[in-house]
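Worksheet: one structure, shown below.
The values are calculated or read from the model by the stated rules, or taken from the named source; none is laboratory data. Just so you know, these numbers come straight off a predicted model, no measurement behind them. With ideal geometry, Cβ positions are generated from the backbone for all residues, glycine too; neighbour counts draw on all protein chains shown.
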Amino acid sequence: MNIKNIKKKIYIKTWGCQMNEHDSSIIKNILMRKKEYILTNNPENSDIFILNTCSIREKAQEKLFHQLGRWKKIKTKKPNIIIAVGGCVATQEGKRIYQRAKFINIIFGPQTIHKLPELLKQAYKNKKIIIDINTKSLQKFKNSINTKIDKKFTSFVSIMEGCNKYCSFCIVPYTRGKEVHRNNYEIISEIKKLTKIGVKEIILLGQNVNAYNVYDNVYQKKYNFSDLLYEISEIPKIHRIRYITSHPMEFNDNLIEAYKNIPQLTNFLHLPLQSGSNRILKLMKRGYTIEQYEEIIRKLKNIRPKINISSDFIIGFPGETKEDFQKTLNIISKINFDTSYSFIYSKRPGTRAAKLIDNTPIEEKKKRLAILQKKIIQQSFQWRRRMLGTVQSIIVEGVAGNNIQELRGRTENNRIVHFEGHPKLIGKFIQLKIIDINYKTYLKGTII
């Protein structure tokens, strides 16, 4: 056998948000276009390790080095293995990663993903560390689809990169850079291509997705996020439109009005609040008040009374008092949030908040987090209870477990439902009656 024709096995590990997950899918698509690579789920049998990392949480670096330590043991046995580290931690730490792990070969950033095939070729020729993290480009999105990999029914579509908000706690503007917006015609073209492989539900991605704003060169006018939503809604095979993550500062009346006119927009919105205290929001540099956030939700619920609202909360931000925390609990009750992502404040080097004095003991922060999460769980159960006995439209996503006769689907308000059905239903929209809600991660339904 010709050794040159043997495909190199690639193992990809991903940590982080939906942006990281989507970046990893783009990496797969880019590399699978090359005939010399094949994906594997077995790290022990790999020739190339790719770690796509997130730096949002504290100690992300230590988690990275623990993983690299495990891979070092494999590389000791197989010295020709190539190890590539990418994502936000790679951008944040740069050469410092190599200084602690001199056995790695490549460090790449979120916007240099499209260079990976060339970087891998360089790594095999040149044993020196290759660092490419500073390119500001949307080139990777030209390779975001590979119709040969698999058929899917829901797909992420990135419409922008980076963030201009510079919230005092957030590292994203420093790791993914300032906002760069994709051309609207390119986005629409990608979605139309996705419909050809069966995609029926689109999830638009961006750090502040509703800040999307470009200039339409054809019609010589500004083109914003609500314009994009209207145009996507005109694509016949797209039945659902979701998006993450939005920012209250960009949630204007045009976007709210779109919920009246675009039935494909689902009855679920994730809109991060972070705190119920205006004083803390000001320290966070969020740019809005609680009253402004409430007004957005009030207008939305006037149009969509049954819309479910999800949010993010940071607990124990520097200077947060018991009174501030109580205000957060009060707004959670008032808005009646369905679900949330809630975390104890994580100090990130280089951010403005890192300079703030933090006197709250960690045990107090943990206590507050537990109280908040218990409250959200209770409210989430009440939302589930309202669904008992109702008929829900779901898109069937796949098999629920080992039993191929048990399938899973997703409701419009983002609930997973398990039900008995034939695998031929996968990818279709069907009507289910909700018959059981007493599960933590899913509901039970039966086909109408």
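Annotations for the structure displayed:
- Set LYS127, LYS121, LYS152, LYS148: member being surrounded by fewer than 20 Cβ atoms within 10 Å (Cβ to Cβ), modelled with pLDDT of 90 or more and over 30 Å from LEU283 (Cα atoms): LYS121
- Subset of segment 212-233 [of a type outside the set (Val, Ile, Thr), part of a loop (DSSP other than H, G, I, E, B) and more than 25 Å from LEU273 (Cα to Cα)]: ASN217, TYR219, GLN220
- Residue within segment 234-245 that is in a helix (DSSP H, G or I), outside the structural domain of ASN20 (by TED's automatic domain parsing), surrounded by fewer than 20 Cβ atoms within 10 Å (Cβ to Cβ) and within 22 Å of the chain's Cα centre (by Cα) present: no
A quick yes/no check of all residues on (1) surrounded by 13 or more Cβ atoms within 10 Å (Cβ to Cβ); (2) not charged (D, E, K, R):
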{"position": "TYR345", "(1), (2)": "yes, yes"}
{"position": "GLU364", "(1), (2)": "yes, no"}
{"position": "LEU369", "(1), (2)": "yes, yes"}
{"position": "LEU372", "(1), (2)": "yes, yes"}
{"position": "GLU397", "(1), (2)": "yes, no"}
{"position": "GLU406", "(1), (2)": "yes, no"}
{"position": "GLY427", "(1), (2)": "yes, yes"}
{"position": "ASN438", "(1), (2)": "no, yes"}
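- Residues of segment 177-211 that are buried (at least 16 other Cβ atoms within 10 Å of the Cβ), in a strand (DSSP E or B) and of a type in the set (Val, Ile, Thr): ILE202, ILE203.
- Out of PHE337, PHE325, sole residue that is outside any strand (DSSP E or B), aromatic (Phe, Trp, Tyr) and within 26 Å of the chain's Cα centre (by Cα): PHE337
- From LEU443, LEU329, LEU369, residue being at pLDDT 95 or above, touching a Lys or Arg at 6+ places or on another chain (Cβ under 7 Å) and assigned by TED's automatic domain parsing to the domain that holds PHE169: LEU329
- Residue list for segment 398-428, filter: more than 12 Å from THR441 (Cβ to Cβ), among the β-branched types (Val, Ile, Thr) and under 27 Å from the mean Cα position of the chain (by Cα): VAL399, THR411, ILE426
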